[in-house]
Amino acid sequence: MTSVSGQQHAADDMRTLFGQSTVVFAQLTGAEHVVETANPAFVAAIGAAEHAGTGIPLAEMADQRLLDLIGQVFRTGDPYTDRDVRALLGDGPHAREAFFDLTYEPYRDADGAVIGVRVIGVETTQVKHAQRLMAEHRALLEQIARQAPLADVLDGMARSIEDLAPDDVLVSVLLADPDGLHLRHGAAPSLPDFYNEAIDGIATGEGVGSCGTAAHRREPVIVTDITSDPFWRDFRDLAGRADLAACWSTPILARDGALLGTFAMYHRTPRVPQDTDLALAHLFAGTAALAIERHHIEQAQQAAEARAQAANDELAKTVRSEQTLRAAAEERATAAAELTAQMHAAAAVQAAAPHPEHCQLGGASGCTEPAELKVADSWGDAAWGCPVHVEEAILNVRSVFIASEELGGLTAYLNR
């Protein structure tokens with residue numbers, strides 16, 4: 001939720017961006033529209049030379065479209081309003097695009113006859129630029145609401161400011177590391193790659209360029225001439241290679257005051273910011289803060305979801321392992337129960353079966369000891385005997401088998 005103070009700041013920024021408009025006025029006389037009186041704003045609006053003055057027909061100063069519109073008003077006596085009239089003010093590198101809303105009104109003599117035309121208007125350049133910026137601003141807010149990727153939002157924001165700002169500007173956004181000690185590249189579509197790579201990861205601290213210092217101070221840092229400012233001592237050559245002469249940096253802060261990054265506006269010539277420049281930086285630094293905070297929230301949610309999914313996967317794996325072990329234990333228990341039952345059954349049968357009273361393993365001399373044990377081999381031979389003769393029988397069978405292994409032990413034993 002936006003605080004009351006935040007809303008007030010945003011409203012102040014917008015009023016500053018809309019600025020003050022310049023009034024345009026001229027009075028033209030006769031069918032040739034001779035300039036009877038005109039203020040400098042009118043002369044600038046129609047693109048006339050600075051020395052143009054009164055007593056000169058408008059045809060010598062203005063283009064044909066303007067002459068046609070004024071001629072129409074002079075002939076018909078009907079006023080006409082011309083909106084968004086574009087003009088190029090100034091020459092060379094100082095030229096700028098301007099827009100005007102102009103109204104052409106006939107003025108009459110005492111008999112009501114049209115004797116001239118008054119031109120009354122207002123420059124709407126700042127209004128038009130501000131409206132276009134606000135439209136871009138709303139589009140950015142919609143992107144953030146749709147959870148567009150942070151890189152796309154920041155890149156789009158930088159490009160829109162560069163396209164719509166009244167003066168040539170290059171925008172850069174740096175993102176703070178979680179510890180707030182370094183700044184990483186976020187967006188800078190018009191700065192050269194070598195420059196972006198060089199400043200990626202710069203430290204935050206006093207005197208570390210405009211951005212490092214602004215991040216450290218948590219307040220805007222305005223450098224109007226990079227070639228002479230001490231903050232740029234370590235980066236002056238780099239800025240020179242990138243053809244950068246001024247840098248105004250604004251820290252991007254979270255609602256709790258934590259550092260999120262910096263928003264910088266570069267210029268290729270030394271420049272002092274106007275109120276509109278500062279308002280623009282403040283407005284879009286706030287927009288960047290909203291996008292970055294939303295990105296951090298999304299990252300935290302994704303990390304939490306990943307941890308929860310990993311925990312669920314591990315739990316499922318544990319449950320499956322426990323089920324496997326339980327099934328194996330149950331199988332072993334079932335097998336053991338079956339074997340026990342078989343042993344009990346065999347013991348019962350064995351106990352009920354009669355066996356000889358005396359040992360059968362005494363050989364030719366016989367043995368009168370009680371028959372206590374039954375010995376059997378895998379070939380089906382079995383006999384009852386006393387403990388001594390049973391042991392001898394086992395040893396004898398084993399010895400015979402081993403000793404005759406090379407002679408076909410199995411055959412020798414079967415044919416014994």
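Around Cys386, what is the net charge, scoring Lys/Arg as +1 and Asp/Glu as -1 over all other residues with Cβ under 9 Å from its Cβ? Numbers along the way, then the final one.
Working: positive: none; negative: Glu369, Glu372.
Its environment carries a net charge of -2.
Between segment 252-306 and segment 196-242, the C-alpha centres lie 17 angstrom from each other. Per residue, segment 131-196 exposes 47 Å² of accessible surface when a 1.4 Å probe is rolled over the protein heavy atoms with every protein chain present. The simple Förster model, with R0 at 51 Å and r as the Cβ-Cβ distance, assigns Ala364 and Ser321 a FRET efficiency of 0.20. At an R0 of 41 angstrom, the distance between the Cβ atoms of Ala203 and Ile56 translates into a FRET efficiency of 0.10. Surface composition of segment 185-234: carbon and sulfur atoms hold 44% of the protein heavy-atom accessible area at a 1.4 Å probe. Please give the net charge around Pro106, taking every other residue with its beta carbon less than 9 angstrom from that of Pro106, where Lys and Arg add +1 and Asp and Glu add -1. Charge balance in the 9 Å sphere: 0. Full extension of the segment from Asp313 to Thr81, taken as 0.36 nm per residue of separation minus the current Cα-Cα distance, would add 76.4 nm. Label-to-label distance, Leu141 versus Arg218, with points set 7 angstrom from Cα along the beta-carbon direction: 2.6 nm. Taking a Cβ cut-off of under 12 Å around Cys367, the surrounding Lys, Arg, Asp and Glu residues balance to a net charge of -4, with basic ones at +1 and acidic ones at -1.
The values are calculated or read from the model by the stated rules, or taken from the named source; none is laboratory data. The model shown is predicted, which means the values in this text are computed figures rather than measured ones. Cβ coordinates were reconstructed from backbone atoms using ideal geometry, including for glycine residues, and neighbour counts include every protein chain displayed. Calculation scope for accessible area: heavy atoms of the full protein, side chains included, ligands and nucleic acids excluded. Shrake-Rupley method; radii C 1.70, N 1.55, O 1.52, S 1.80 Å.
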